[in-house]
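Report on one structure; see the data block that follows.
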Amino acid sequence: MVKTLPSTAKKINSYLKSNLNGRPDVLYKAGAHLIVNGGKRLRPYLVMKSCQMLGGSITDALPAAAAIEMVHNFTLVHDDIMDNDEMRHGVPTVHTKFGMPLAILAGDVLFSKAFEMISTGKVRDPKASSGLVARLSRACVDVCEGQVLDIKMAEGKKIPTKSEYITMIEKKTSALFEVSCAMGAICAKRPQDVANLASFGKNLGVSFQITDDYIGVLGDPKITKKPVGNDLREGKKSLPILLAIQKADPKSKKTILKVFGNPRAPKSDIAKAIDVMRNLQIEQEVREAALDYAQKAKRSLAKYSGPAKSEMIALLDFVVTRSL
């Protein structure tokens, strides 16, 4: 992993802890539950490194970095409710531990606190504050739209195209990476660089999700902490599964579709489907798709230099190559 990430995570963790408190105490415990029990802090890291790369300071970027992590965790709390998941980061999900009503309120307080963070005196420049609010609110809308696209894909019988899949992940996942980098540029008071940094974040986010989806269906369960083929059983229409269905001969396709979206599929059938998918050798196509977006991300930073840029590129390389 990127060597500087732990130290940056320590700063953001301390800042989050100091700002996620209040009464009733249980509300803030629920809101902080996933934050204190894991997470890579990739998005706040990108806020701070984008700001640093453009000559700004980590101190100036901390409110925006904390806000993006709160919004990210808000989406996780609500995702777990919608998916009825019981575990995340190796601990019970918020609604499992605290109950459904409190989990919904915990997500809401994270969302609200995020905007409080970037619209008050914690951000010293009023113009920057306005820009941060505008960018983050748009990203939140994109995430909601992407979630609905994902739900419709899951519910529909039609296998989506690669283009439809990319549109969905650009909104559902990539939007928060995109806004993280854009907010870093705003914190550095470099409006002329917002577009370049947003492009880097957007393409990094797509690379991240493509890779994550590959790991989710064919990855090592010791790394994913999920059962092998979990995404198949859930009927997740991710790029690796779409490619496998497209490339499979009729017999292999039948083996895959037998377990696809079947929560009761036995482990033996899951194992057969996984073997079929591995034999289709889709890994190279997934790798090429992820690398293509990674190259687009790198081109967005071509004119910049310095240690912060190197660290952002190192993070991008790690995101794309992990377990591929």
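The values are calculated or read from the model by the stated rules, or taken from the named source; none is laboratory data. Keep in mind that this is a model prediction, so the values were computed, not measured. Cβ coordinates were reconstructed from backbone atoms using ideal geometry, including for glycine residues, and neighbour counts include every protein chain displayed.
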Inset, instruction - Please specify each residue of segment 228-243 satisfying the condition of being buried (at least 17 other Cβ atoms within 10 Å of the Cβ), within 15 Å of Lys158 (Cα to Cα) and not basic (Lys, Arg). - result: Ser238, Leu239, Ile241, Leu242, Leu243
Legend entry - Complete set of residues in segment 28-81 that are surrounded by fewer than 21 Cβ atoms within 10 Å (Cβ to Cβ) and basic (Lys, Arg): Lys29, Lys40
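Among Phe208, Phe177, which is the only one that is surrounded by 15 or more Cβ atoms within 10 Å (Cβ to Cβ) and touching a Lys or Arg at 6+ places or on another chain (Cβ under 8 Å)? Break it down into steps so the answer makes sense when it comes.
Details: Phe208 fails: touching a Lys or Arg at 6+ places or on another chain (Cβ under 8 Å).
Result: Phe177 is the single residue among Phe208, Phe177 that is surrounded by 15 or more Cβ atoms within 10 Å (Cβ to Cβ) and touching a Lys or Arg at 6+ places or on another chain (Cβ under 8 Å).
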Inset, instruction - For segment 106-118, indicate whether the set of residues that are exposed (fewer than 14 other Cβ atoms within 10 Å of the Cβ) and modelled with pLDDT under 95 is non-empty. - result: no
Legend entry - Check on Ala294, hydrophobic (A, V, I, L, M, F, W, C), within 30 Å of Phe177 (Cα to Cα) and exposed (fewer than 13 other Cβ atoms within 10 Å of the Cβ): no
Inset, instruction - Exactly one condition in (1) touching a helix residue (DSSP H, G or I) at 6+ places or on another chain (Cβ under 6 Å); (2) part of a helix (DSSP H, G or I); (3) surrounded by fewer than 23 Cβ atoms within 10 Å (Cβ to Cβ) is not met by Asn21; state its number. - result: (2)
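When only residues in segment 256-285 that are of a type in the set (Gly, Ala, Ser) and under 21 Å from Ala154 (Cα atoms) count, which is surrounded by the most Cβ atoms within 10 Å (Cβ to Cβ)?
Narrowing segment 256-285 to residues of a type in the set (Gly, Ala, Ser): 261, 265, 268, 271, 273.
Checking which are under 21 Å from Ala154 (Cα atoms) leaves us with 261, 265, 273.
Working: Gly261: 15, Ala265: 17, Ala273: 27.
Filtering first and then ranking leaves Ala273.
Rundown of residues vs (1) of a type in the set (D, E, K, R); (2) more than 25 Å from Pro44 (Cβ to Cβ); (3) at pLDDT below 95, yes/no style:
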{"position": "Phe260", "(1), (2), (3)": "no, yes, yes"}
{"position": "Ile270", "(1), (2), (3)": "no, yes, yes"}
{"position": "Ile274", "(1), (2), (3)": "no, yes, yes"}
{"position": "Asn279", "(1), (2), (3)": "no, yes, yes"}
{"position": "Gln284", "(1), (2), (3)": "no, yes, yes"}
{"position": "Ala294", "(1), (2), (3)": "no, no, no"}
{"position": "Leu301", "(1), (2), (3)": "no, no, no"}
{"position": "Ser305", "(1), (2), (3)": "no, no, no"}
{"position": "Lys309", "(1), (2), (3)": "yes, no, no"}
Legend entry - Those residues of segment 259-308 which are assigned to a loop (DSSP other than H, G, I, E, B) and within 25 Å of Ala195 (Cα to Cα), in sequence order: Leu301, Ala302, Lys303, Tyr304, Ser305, Gly306
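Given segment 183-257, what helices (runs of 4 or more DSSP H) lie entirely inside it while holding 1 or more residues that are at pLDDT 90 or above and either of a type outside the set (S, T, N, Q) or within 19 Å of Ile270 (Cβ to Cβ) (or both)? Give the derivation first.
On the way: elements: 194-218, 221-224, 230-234, 239-247.
In segment 183-257, the matching helices (runs of 4 or more DSSP H) lie at 194-218, 239-247.
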Inset, instruction - Tell me which residues, restricted to segment 19-49, are over 17 Å from Ser112 (Cα atoms), charged (D, E, K, R) and at pLDDT 95 or above. - result: Arg43, Lys49
Legend entry - Only one of Gly184, Gly205, Gly131 that is of a type in the set (Gly, Ala, Ser), over 23 Å from Arg233 (Cα atoms), touching an Asp or Glu at 6+ places or on another chain (Cβ under 8 Å) and in contact (Cβ under 8 Å) with a residue 24 or more places away in the chain: Gly205
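Taking segment 262-293, which residues are of a type in the set (A, V, I, L, M, F, W, C) and either out of contact with any Lys or Arg (no Cβ under 6 Å at 6 or more places or on another chain) or more than 24 Å from Ser163 (Cα to Cα) (or both)? Can you show your working first?
Filtering segment 262-293 for residues of a type in the set (A, V, I, L, M, F, W, C) gives 265, 270-271, 273-274, 276-277, 280, 282, 286, 289-291.
Once the filter is applied, which keeps residues that are of a type in the set (A, V, I, L, M, F, W, C) and either out of contact with any Lys or Arg (no Cβ under 6 Å at 6 or more places or on another chain) or more than 24 Å from Ser163 (Cα to Cα) (or both), segment 262-293 yields Ala265, Ile270, Ala271, Ala273, Ile274, Val276, Met277, Ile282, Val286, Ala289, Ala290, Leu291.
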